Structures are given as C-alpha cells and as structure tokens.
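Data block below; observations after.
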Amino acid sequence: VIRTDWDALSADSMFKNCAPKITSIDLGNQFDTSIVTDMGSMFEGFGATSLKSLDLGNLFYTNKVTVTDMNNMFKGCGTSAMTVLDLGPAFTKISTEHSNFMTGCGSATLIIYAPESIYADRTTLKTY
C-alpha cells in the first residue's frame, strides 16, 4: 500500500532501493506531486532487476512547481527487466539538475511513454 495523503516538498529517495521483487506498479490518480520540489533519487534502484513496468499515473506533476532536483531519479530502476515506463500526462518538464536521470534504467527494449509537450524538439527533452 502506498500512502497517498502525504504533503511534502521533498520526495528525495522515497522509493530508493525499495521493493526488489516487485514486477509492476501503477501510481494511478492518487499520487499527487504538485508541491514536490526535490525528486532526486526518487526511484533509484526501485524494483532492482524485477520491475517490468512503472506507470506514474495522471497526477505526477513536474510543471506546476519548480522541481529543482531530478538527479538519479530513475537510475537503476528496473535494471535489465523494465520494458515500459509511462511518465504520464503531467510529466511535462525535466529539471536542469538531472544528471544520471535514467542511467541504467530498464532493459534494452524499454519503451518510455511521455507527453509530446516534454520535447523541446524531435530529439531533445525540455529542461527548466
């Protein structure tokens, strides 16, 4: 069970190295990040080598506040197993602080679903 009534500016390391045997998670419509400013290492190592799909849901906002840290956000998340990462419709920008944002994330066949508005052009993601 994921607690959804939290009210925090920082989600730093929230799921870091958590649930090494989980295979799928969907945060749905209950996980609202509209006030979060720090998402650093949020999913780092999450699901280790077993996570196959991660869906951030419809309320995983990156555009309503200034998220200042996305360093290591998905680093090592679902390493070698994840085939689907759905960022959801509210994930529309990436912080300028985003080193190792997706280093080692997912399998070689990983498909990332993201809203079109996240792209600055055909090959570059927006940062702010």
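Results, tabulated for the structure shown:
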item: Convex hull of the chain built on C-alpha atoms - directionally averaged projected area, nm²; result: 6.7 nm²
item: ³J(HN,Hα) computed for each position of region 123-128 - Karplus, 6.51 cos²θ - 1.76 cosθ + 1.60, integer Hz, glycine/proline x; result: 10, 10, 7, 5, 10, 9
item: Net length gained if the chain between residue 103 and residue 66 were fully extended (0.36 nm per residue, minus Cα distance); result: 11.1 nm
item: Cα-based radius of gyration of region 9-66 once divided by 2.2 N^0.38 Å, which approximates compact folds; result: 1.13
item: Förster radius 22 Å - calculated FRET efficiency between residue 80 and residue 10 (Cβ-Cβ, nearest 0.05); result: 0.15
item: Length-normalised contact order for region 14-127 - Cα pairs under 8 Å, 6+ apart - percent; result: 25 percent
item: Charge tally in the Cβ shell below 10 Å around residue 57, where Lys, Arg are +1 and Asp, Glu are -1, residue 57 excluded; result: -4
item: Portion, in percent, of the accessible area of the chain that falls on carbon or sulfur, probe 1.4 Å; result: 51 percent
item: The chain - accessible surface per residue (Å², probe 1.4 Å); result: 51 Å²
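The values are calculated or read from the model by the stated rules, or taken from the named source; none is laboratory data. In this text, all values refer to a predicted model and were calculated from it rather than measured experimentally. Heads up, the Cβs are rebuilt from the backbone with ideal geometry, glycines too, and the neighbour counts pull from every protein chain shown. Accessible surface is based on the protein model in full, side chains and every heavy atom, while ligands, DNA and RNA are left aside. Shrake-Rupley method; radii C 1.70, N 1.55, O 1.52, S 1.80 Å.
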